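Colleague: One structure is given below, represented as structure tokens, and several questions about it will come after.
Just so it is clear, none of the values below were taken in a lab; they were calculated from the coordinates. Quantities reported herein were computed from a predicted structural model and do not represent experimental measurements. Here the Cβ positions follow ideal geometry from the backbone for every residue, glycine too, while neighbour counts run over all protein chains shown.
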Amino acid sequence: MNISLIGFMGSGKTTVGRLLARKLGLSFVDLDKVIENKLNMKINDVFSKLGEDYFRNVESEVIKEIISDVNNAVIACGGGIVLREDNIEALRKHSVVIYLRISADEAYRRLKHCNNRPLLKAGDRKTVINNLLMIRDPLYLKAADIVIDVDRKTPNEVVDRIINRLRS
Ligand code: S3P
């Protein structure tokens, strides 16, 4: 069994993913880290030097390679993984897809000082988050097998809820 975590930036995919993997005795894969290692570049630099389209192509290639290759793993995806239908198809075919759902206000609180999210550099951060989340929330919902609300919850609480939902 594989579990993939999807959701907006700041929803806790990496932190929760690591904890969840440890608790369930699964391995952990952080998709953005795999991309950074493959290109030997930080995500910020991939966006600024090679462009978003380039990043999306690599992201799509890497998720398909990894998800069909790994077993018993938790995979933390980048927030934009749902932008391509074929990515979603691959996730759904090879994993249980869990959407960590965050509100725009909570995402803003968590991301207001962060400087390693290239998409948040363009314009007023609150507006960017609102707009992106409005477009993406339906995509995350459509892709997900399980939806977990993460506002005002600690990573451990989120992990416990995921485990309960997986059991039921
Ligand atoms: C992106 C989210 C980032 C990273 C890239 C693009 C997005 O991952 O993949 O900056 O489009 O939402 P996180 O969700 O882990 O921050």
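Colleague: Can you give the Kirkwood hydrodynamic radius of the chain from its Cα pairs, in Å with one decimal?
Modeller: On the way: mean 1/r = 0.0624 Å⁻¹.
One over the average 1/r among Cα pairs gives 16.0 Å for the chain.
Colleague: Now for a separate question. Fewest first, what order do SER4, SER168 take by the number of other Cβ atoms within 10 Å?
Modeller: Working: SER4 29, SER168 6.
The most exposed by this proxy come first: SER168, SER4.
Colleague: Kyte-Doolittle cut-off 0.0, length cut-off 15 Å along the helix's own axis using Cα: show which whole DSSP H helices in the chain pass. If you can, show how the numbers build up before the last one.
Modeller: Working: long enough: 13-24 (16 Å, -0.10); 52-69 (25 Å, -0.62); 125-143 (26 Å, 0.06); 155-167 (18 Å, -0.61).
Correct list, ordered by number: 125-143.
Colleague: Fewest first, what order do SER95, SER27, SER103, SER11 take by the number of other Cβ atoms within 10 Å? Present the calculation step by step, with values, prior to reporting the outcome.
Modeller: Numbers: SER95 21, SER27 12, SER103 17, SER11 26.
Result, fewest neighbours first: SER27, SER103, SER95, SER11.
Colleague: So if I average 1/r over every pair of distinct C-alpha atoms in region 80-168 and take the inverse, what Kirkwood radius in Å does that give? Could you put the intermediate results ahead of the total?
Modeller: Values: mean 1/r = 0.0695 Å⁻¹.
For region 80-168, the Kirkwood estimate is 14.4 Å.
Colleague: If you don't mind, another one. Which whole-number percent is the relative contact order of region 14-139 (Cα, under 8 Å, 6+ apart)?
Modeller: Numbers: 97 pairs, mean separation 33.7, N = 126.
Reported as a whole number, the value is 27 percent.
Colleague: Hey, can you grab everything whose amide H is under 5 Å from the amide H of SER4? Only 5+ residues off in sequence or another chain; H modelled, so Pro and N-termini drop out.
Modeller: ILE75, VAL96, VAL97, ILE98
Colleague: At 222 nm, what value in deg cm²/dmol follows for the chain if DSSP H runs of at least 4 each add -39500 (n - 2.57) and the sum is divided by all its residues, to the nearest 500?
Modeller: Taking each H run of at least 4 residues, the total per residue is -16500 deg cm²/dmol.
Colleague: Using only Cα atoms, locate the centre of region 130-151 and the centre of region 109-129, then give the distance between them in Å, rounded to an integer.
Modeller: Region 130-151 and region 109-129 have Cα centres spaced 18 Å from each other.
Colleague: In terms of Cα to Cα distance under 16 Å, which aspartates and glutamates are near enough to LYS142, apart from those fewer than 8 places away along the same chain?
Modeller: GLU85, ASP86, GLU89
Colleague: Restrict the search to region 1-102; then list the trypsin sites (Lys or Arg not before Pro) that DSSP places in a loop and that have at most 15 other Cβ atoms within 10 Å of their Cβ. Please list the in-between numbers first.
Modeller: Numbers: sites: LYS13, ARG18, ARG22, LYS23, LYS33, LYS38, LYS42, LYS49, ARG56, LYS64, ARG84, ARG92, LYS93, ARG101; in loops: LYS42, ARG84.
Qualifying residues, ordered by number: LYS42.
Colleague: From the gyration tensor of the Cα coordinates in region 1-61, what semi-axes in whole Å does the equivalent ellipsoid have, largest first, with each one equal to sqrt(5λ)? Each step should come with its number before you reach the end.
Modeller: Details: eigenvalues 122, 27, 21 Å².
Its equivalent ellipsoid spans semi-axes of 25, 12, 10 Å.
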